[in-house]
1. Taking E:His28 and the conditions (1) open to solvent by less than 20 Å² (accessible area, probe 1.4 Å); (2) more than 20 Å from D:Ile133 (Cα to Cα), which numbered condition does it fall short on, given that it satisfies the others?
2. What is the residue count in region F:113-145 for residues that are closer than 25 Å to F:Thr34 by Cβ and among the hydrophobic types (A, V, I, L, M, F, W, C)?
3. Among the residues of region E:147-160, write down those that are of a type in the set (A, V, I, L, M, F, W, C) and facing chain F (nearest Cβ under 9 Å).
4. Evaluate the following for A:Ser130: is it in contact with a strand residue (DSSP E or B) (Cβ under 7 Å, 6 or more places away or on another chain), at pLDDT below 95 and either surrounded by fewer than 22 Cβ atoms within 10 Å (Cβ to Cβ) or more than 9 Å from chain B (Cβ to nearest Cβ) (or both)?
5. Of a type outside the set (D, E, K, R), closer than 19 Å to C:Pro84 by Cβ and open to solvent by less than 10 Å² (accessible area, probe 1.4 Å), is that true of E:Ser86?
6. Which members of region F:30-76 meet the condition of being small (Gly, Ala, Ser) and within 15 Å of the chain's Cα centre (by Cα)?
7. Looking only at region D:191-231, count how many residues are more than 30 Å from D:Ile16 (Cα to Cα), within 11 Å of chain F (Cβ to nearest Cβ) and of a type in the set (D, E, K, R).
8. What helices (runs of 4 or more DSSP H) completely inside region A:1-91 contain at least 1 residues that are under 25 Å from A:Arg116 (Cβ atoms) and facing another protein chain (nearest Cβ under 10 Å)?
Protein chains: 6
Amino acid sequence: MPVVVQNIERAALADIDALAQYGVATIHEAQGRTGLLAAHMRPIYTGAAAAGNAVTVSIPPADNWMIHVAVEQCQPGDIVVIAPTSPSDAGYFGELLATSLAARGVRGVVLEAGCRDIKALSEMKFPVWSRAISAQGTVKETLGDVNLPLSIAGQIVNPGDVVVGDDDGVVIVPRASVKAVVAACKAREEKEAGTRAALASGKLGLDIYSFRDKLKAKGLRYVGSAEEISS
Amino acid sequence: MPVVVQNIERAALADIDALAQYGVATIHEAQGRTGLLAAHMRPIYTGAAAAGNAVTVSIPPADNWMIHVAVEQCQPGDIVVIAPTSPSDAGYFGELLATSLAARGVRGVVLEAGCRDIKALSEMKFPVWSRAISAQGTVKETLGDVNLPLSIAGQIVNPGDVVVGDDDGVVIVPRASVKAVVAACKAREEKEAGTRAALASGKLGLDIYSFRDKLKAKGLRYVGSAEEISS
Amino acid sequence: MPVVVQNIERAALADIDALAQYGVATIHEAQGRTGLLAAHMRPIYTGAAAAGNAVTVSIPPADNWMIHVAVEQCQPGDIVVIAPTSPSDAGYFGELLATSLAARGVRGVVLEAGCRDIKALSEMKFPVWSRAISAQGTVKETLGDVNLPLSIAGQIVNPGDVVVGDDDGVVIVPRASVKAVVAACKAREEKEAGTRAALASGKLGLDIYSFRDKLKAKGLRYVGSAEEISS
Amino acid sequence: MPVVVQNIERAALADIDALAQYGVATIHEAQGRTGLLAAHMRPIYTGAAAAGNAVTVSIPPADNWMIHVAVEQCQPGDIVVIAPTSPSDAGYFGELLATSLAARGVRGVVLEAGCRDIKALSEMKFPVWSRAISAQGTVKETLGDVNLPLSIAGQIVNPGDVVVGDDDGVVIVPRASVKAVVAACKAREEKEAGTRAALASGKLGLDIYSFRDKLKAKGLRYVGSAEEISS
Amino acid sequence: MPVVVQNIERAALADIDALAQYGVATIHEAQGRTGLLAAHMRPIYTGAAAAGNAVTVSIPPADNWMIHVAVEQCQPGDIVVIAPTSPSDAGYFGELLATSLAARGVRGVVLEAGCRDIKALSEMKFPVWSRAISAQGTVKETLGDVNLPLSIAGQIVNPGDVVVGDDDGVVIVPRASVKAVVAACKAREEKEAGTRAALASGKLGLDIYSFRDKLKAKGLRYVGSAEEISS
Amino acid sequence: MPVVVQNIERAALADIDALAQYGVATIHEAQGRTGLLAAHMRPIYTGAAAAGNAVTVSIPPADNWMIHVAVEQCQPGDIVVIAPTSPSDAGYFGELLATSLAARGVRGVVLEAGCRDIKALSEMKFPVWSRAISAQGTVKETLGDVNLPLSIAGQIVNPGDVVVGDDDGVVIVPRASVKAVVAACKAREEKEAGTRAALASGKLGLDIYSFRDKLKAKGLRYVGSAEEISS
């Protein structure tokens, strides 16, 4: 039976904003290479970036009624995460819904389907990550669920999880882990700053990371030319 | 037997230009959610927009000879709509053909195949919607048809139908319907203007569209928290 | 047994730079419509362009260790060409590796997998052509090969072959053919300049290329209207 | 406005049965390499074969209501050809609808979507060609059209056109052309019988089709070994 | 940190076997059109069928080490459900692992990746549903998780959920719902038996389901011929 | 300039037949997880199996002329390996060409495109591995190459390399390595026989392969239930 869960726990916006300064790639690495949505989820414009708490929506194929229901459940700092129950590229989301969400302080949308009104959304700077761009209209006939755990693009998103998106894609951070992931990101960035400087100066990763012995132990063979290989 | 139909009926450019001020999504909705090409048809540059009468071209796989034949059939305000008889991503269309079409006043190309010379076409502001970008050359050996009904990206396009493309994709409007669709777009935009203002002010779609009773009748259940669901 | 070939023959940078002024489409045509990588290899930002000598890397799925090994084999003017031994969209390449390659004068990367840190790479103007954008991290456990012939996106790339990429995609020119292809590009461009001017003036390709007789011989039929077809 | 066209012209069953003895590949060739549906349309079991008159159905995404409407319009010898207005893999068709169609003498279904109840349909020997196999249920909320021209898998199908399917796929023959295509198939088969016997005896196609001079004229070069190529 | 959960609650085998007599399509419908894996999950041989409790495995890309770990956690009547953390078609599963699972009474595998040894698995009648068939070998270097909630092919699978697969695909039934779904399947089958008999006798679904008034109310228009449409 | 290389070195048929008794998966593993064609190359019928020397053919898109040229270059025990220069699903190969090849003792075809006449080829037991099944006809207008190195489905195939295909796909073995790979397959099979027997008796891979210590060292954590994870 379709259900709307009205009260969900959210991460503190201060923690989300601390996380948001790191990019998707860093966050994904910092939490042990987990939580990344599949690569077909692309931003609708270059430079899109957002971070917020997930409000999840499970919708029937080619029916966007429940997104209207979800708007009421949103708070400032949320990101609406939407997946249909059967694969569809239809255009579930466009300018009017974005206007409504923006009025509530919602920061973006992640959508396993099609998005439309690309020009208007780009001008509004309302970021959407979607699997397709399509003007195909949808109906409003069948119910779905708001704020249940959602399977989307290969990940489980729980309501209140933190969602971060940028040009690299979208990553999900479990609500309980946000502070720890911020710390891990900070540590990673600090370490990378030194590595970056060393690499920029021409030092090799082979030496920085001490790879040479390990490569030798695995049996990597260096030859002067291709002719030497079979000799 | 391959054929070129030389005289086709076209919509009036005044009507097309009236239509062109509405986007693809609005037109698609205004004509009853019909006529949209499949979502894989994408503009080759951001902000591409065009509207015109369809000159249709059916071409053999990896052979672009008939596009040269079609140029002669074009008039100012046309859009050339091209599909191969067997799926191909080859680069049937590029700068030289665009130069020739632009010289005749053609406004754009819709191509169920690959497009090349992206940089030059973008600088020329000659819009193309295609399924791929590919420099792969084609031959000029086999005939096809110009100005017969064409199946492309899930739609039937008749010669003289009106084609509108923008960042959201491409929509086809039957020639006989153009005036009616312009009127429907106008009505829709006027209605949406009010809705947009209401949504921007924070009013909910649930209330604007009077969805609450219908949702209740369908059995939507609101719970305070996930724990209540199974209770 | 995994191997690194250390000495490869390269084309002269002067020849590469002469080639680089022509685009991918022209080069592909000028060498007889060969050498084009499949259309799924796309630049990570609009306007990406590069030409250089191929350093080839064969990597295990989801393991980017050998890219670090390949850096040491690179010289100014190289382009690193990378393919996994099993299809993968994981994010093998990002900002740190790009920093290291840029420090060695490498001009770009061609990658049959995922790329990450898109924003940073775009700001660095470090061009990458890849099949996907993905932040998915990779491991460093298994060896591969550097500078062996590589099958990538439907082409064979030999170490030292010349790689040219732009908005249209990527084309491979055999090292021994570079001078000849430059000459063929020059001839083609000169011929196209005249054709372009003629087309821009409104002259038809049908006449410029003398197609009319050939079309007639193949049996192309011109009719006034669709009604005449079955008569 | 959704419409059901009740009276359509059909080809004579005698002509259809004469056509049906030829396979899809022969028919496609005999009518000038036209009419073939795209390769993603696959039979749900090996050995599926059928030929009949098209009853066309245009359906909304994930809604199979109009198939029930179409049943009433079917006659013995028909094949129901179905495409959704927006791409969908949902399971629009299964055992119950097949039972109903079989009771009316319908010979098969062609479906640009998902089919389910594969085991039951295979046991019934009710052939279906579809783009997917999926148990995903559909709703019955939105109208569509029966017996209008339909764009499906890259072809236009008119009501009453002849549809032929086998292990190679599906081909459409315009109703008016059926007798001519039967004759062309017969001629082609007779010619192929001789060619097949010659080829089976070891004679080469190069000689049977007199290709050698044409190949020489196009410039094909025979070398003894790869070493001779650059000499 | 990678983890193996050793004790999970399972559904009773008697309930699973009661469920198993219904096909995937019926079960999916009976539980409200939920739980179906995406259509790319296909059985490796025709007629594959199995039902059991899910043991879930999250594996790194191209690394099948954790499947070996999962074997030890299996009991008779289980089905192992496996998804990589990054998309991969590599061949994670074949005859040796199937031999080991069969020895423990495991009934099948659901795999969001490639399967190999198809001939041997078919002869063993060990059913596998996978997204690809591939002999590509995998490594054993990186840890993953056993018996955590898993996102696979658009669904969330919890350890101990019931998995049912057949020629139509794979459906997941929450452990707590199994008895209720069996009852719903039974009711559905009984109802369908009557419908099937009525349809087989030639009665129309339009009448059986009383669709005519609803269609009329939605505005469906019946015309004698296409010519009447625009009149 | 298109070329036919007439004399190529082949592996001895005795060695090929020794190799053929091992399946694709074993051969791929035995030669270090190399040489496997991408997973989209599928046999046209279940149980297809063949091994032979590669005769390579590079063909233009939708043009199968060069396959006729290649027939003459074939010897008993060959397998013809064909790839178009631009992606195409057209039906390049069918019964007539198969009849001609079978008459020369050719054992099968590997085709990066479409195959047709599936029923006839299955009855002839002429195995083909292809990326698609399609009746789409091709032309005979443009030259290509026979017996040059070929990039196909992610691998380089040299003329005279050994090609092995079965239900799992297709693997390429360099001609010079055949004897060594046979020996490695034999060793692998002998080792696997023991492992298979142990696994069938219920012994765990964890113990047979001594994985437990390595897993522990990598940090795998065993918990009794999910509740223990965060404790």
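The values are calculated or read from the model by the stated rules, or taken from the named source; none is laboratory data. Please read these numbers as outputs of a predicted model, since none were measured by experiment. Positions of Cβ are generated from backbone atoms using ideal geometry, with glycine treated the same way; all protein chains shown enter the neighbour counts. Areas reflect the complete protein model, heavy atoms only, side chains present, ligands, DNA and RNA absent. Shrake-Rupley method; radii C 1.70, N 1.55, O 1.52, S 1.80 Å.
1. That leaves (2) as the condition not met.
2. 3
3. Of everything in region E:147-160, just one residue is of a type in the set (A, V, I, L, M, F, W, C) and facing chain F (nearest Cβ under 9 Å), namely E:Leu148.
4. Values: in contact with a strand residue (DSSP E or B) (Cβ under 7 Å, 6 or more places away or on another chain): yes; at pLDDT below 95: no; either surrounded by fewer than 22 Cβ atoms within 10 Å (Cβ to Cβ) or more than 9 Å from chain B (Cβ to nearest Cβ) (or both): yes.
Considered against the rule, which asks whether it is in contact with a strand residue (DSSP E or B) (Cβ under 7 Å, 6 or more places away or on another chain), at pLDDT below 95 and either surrounded by fewer than 22 Cβ atoms within 10 Å (Cβ to Cβ) or more than 9 Å from chain B (Cβ to nearest Cβ) (or both), A:Ser130 comes out as no.
5. yes
6. Looking only at region F:30-76, we keep the residues that are small (Gly, Ala, Ser), and these are F:30, F:32, F:35, F:38-39, F:47-52, F:54, F:58, F:62, F:70.
The answer is F:Ala30, F:Gly35, F:Ala38, F:Ala39, F:Gly47, F:Ala48, F:Ala49, F:Ala50, F:Ala51, F:Gly52, F:Ala54.
7. Residues flagged as more than 30 Å from D:Ile16 (Cα to Cα), within 11 Å of chain F (Cβ to nearest Cβ) and of a type in the set (D, E, K, R) within region D:191-231 amount to 9.
8. Of the helices (runs of 4 or more DSSP H) lying wholly inside region A:1-91, those with at least 1 residues that are under 25 Å from A:Arg116 (Cβ atoms) and facing another protein chain (nearest Cβ under 10 Å) span A:24-30, A:65-71.
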